[in-house]
Amino acid sequence: MVNRLFILDNDFIIHIFIVTIIRGLMSVGTYIPTQQTIQNICADEHNDSTKLIKVLNIENLAQKSDNIRIMPTSKDLGRPSSDAQFIKQALDKEIFDSTNLIASSHQTLPNITVNGVAIDPKAVAAEVQYHPANSQEEALFLAAQALVMRELLRQEVIECLGERAWLENEEATIAKLLEQQVIAKSPDKASCQNYYHANQVEFVSTPIMTLRHILLACPPQEGEERIELKKQARQLIDRLNQSHNRDSDFIEFARRYSACPSKDDGGELGVLQKGSTVPEFESAVFALPVGISINPIETRYGIHVIEVLQKQEGRQLSFEEAYPIIENHLKQQSFHHSLCDYLFELSQKADIIGIELKMNEQNIYRG
């Protein structure tokens with residue numbers, strides 16, 4: 001629905017993606033490398049299968065959650081100055097049985113190196129807490145994968161920007177590297193029109209309404225009390241319908257009788273949209289016309305006297321209205337795909353022993 005889409009300027013889109021990957025919360029997504037990327041990798045002399053012990057797919061990172069940690073950073077982890085101190089903190093938190101995981105990581109994981117730099121099994125065990133999985137083995141390999149990705153980017157930063165930049169501020173240097181290497185193409189209007197026609201259901205505005213209420217509070221299990229409160233609610237409705245000054249009377253009744261904090265605002269709840277309140281209240285009020293409800297509404301909180309002040313039904317947005325949303329969405333997709341290409345190239349060109357970051361060509365990039 002359109003209310004769930006956000007309009008971002010182009011620079012902010014890139015900033016969001018950079019910050020997201022730095023914080024380790026980016027979902028890489030199921031993905032097909034571009035043909036040029038595939039050709040480049042196939043020609044690379046490092047691309048031999050003899051070095052591969054365990055195959056893991058980058059796209060699998062996104063299958064169980066939209067927020068997957070693909071790269072830990074010192075800031076995100078609150079990492080101290082030394083690995084020893086970091087591991088001790090993780091053990092002290094007792095988030096998981098680190099002793100067992102560290103032991104099992106030696107048993108389960110092969111020796112993993114990235115261009116000759118070893119990935120410490122203890123660091124893998126400490127990273128596991130950020131990778132929920134169906135099994136301990138799967139969690140360990142997801143953690144190893146994240147550390148390999150971080151090491152790849154660390155080495156690329158040092159090569160392009162220098163080791164001093166990394167030591168001073170690793171997050172800033174990764175951001176700078178991605179700004180240089182990953183570029184989002186702006187979609188043309190024809191592409192936006194094609195997307196609009198293929199996905200019109202996404203561009204329907206959500207029904208919204210403004211209303212005010214008087215809540216006569218009562219627990220759900222108090223049947224007799226609820227019967228009595230319904231009578232009181234109907235009396236209030238009758239008085240409001242007969243009032244010559246309904247607005248001021250509603251405000252007065254809300255302040256006098258309502259148990260909701262909104263009573264201080266005359267019972268006004270502001271703008272409501274579907275999904276913003278409890279189901280039984282939502283289904284009842286969105287079926288009401290503008291004006292005082294004929295009957296009180298019953299919810300888990302009690303009995304409500306309702307007045308709908310304004311109501312706007314959902315409608316199909318025109319292409320002109322949807323265009324800025326679509327343009328930004330497609331640019332995000334473009335950046336996302338370029339980022340996947342970049343990470344794919346880094347992983348395939350590197351001499352990685354013990355684990356392979358591999359993307360399956362038959363998978364479809366989901367955006």
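The values are calculated or read from the model by the stated rules, or taken from the named source; none is laboratory data. This is a predicted model, so every value here is computed, not measured. Reconstructed Cβ throughout: ideal geometry from the backbone, glycine too, with neighbour counts over all protein chains shown.
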Complete set of residues in the range 233-245 that are over 13 Å from N295 (Cβ atoms) and of a type in the set (D, E, K, R): R239
query: Could you say whether any residue in the range 280-302 is more than 15 Å from L211 (Cβ to Cβ), buried (at least 20 other Cβ atoms within 10 Å of the Cβ) and modelled with pLDDT under 95?
result: yes
- request: Would you please name the residue that is modelled with the lowest pLDDT, looking only at residues in the range 246-270 that are loosely packed, with under 15 Cβ neighbours inside 10 Å and closer than 17 Å to V290 by Cα?
  value: G270
query: Going through the range 171-216 one residue at a time, which ones are touching a Gly at 6+ places or on another chain (Cβ under 8 Å), under 30 Å from S248 (Cβ atoms) and of a type in the set (A, V, I, L, M, F, W, C)?
result: I214, L215, L216
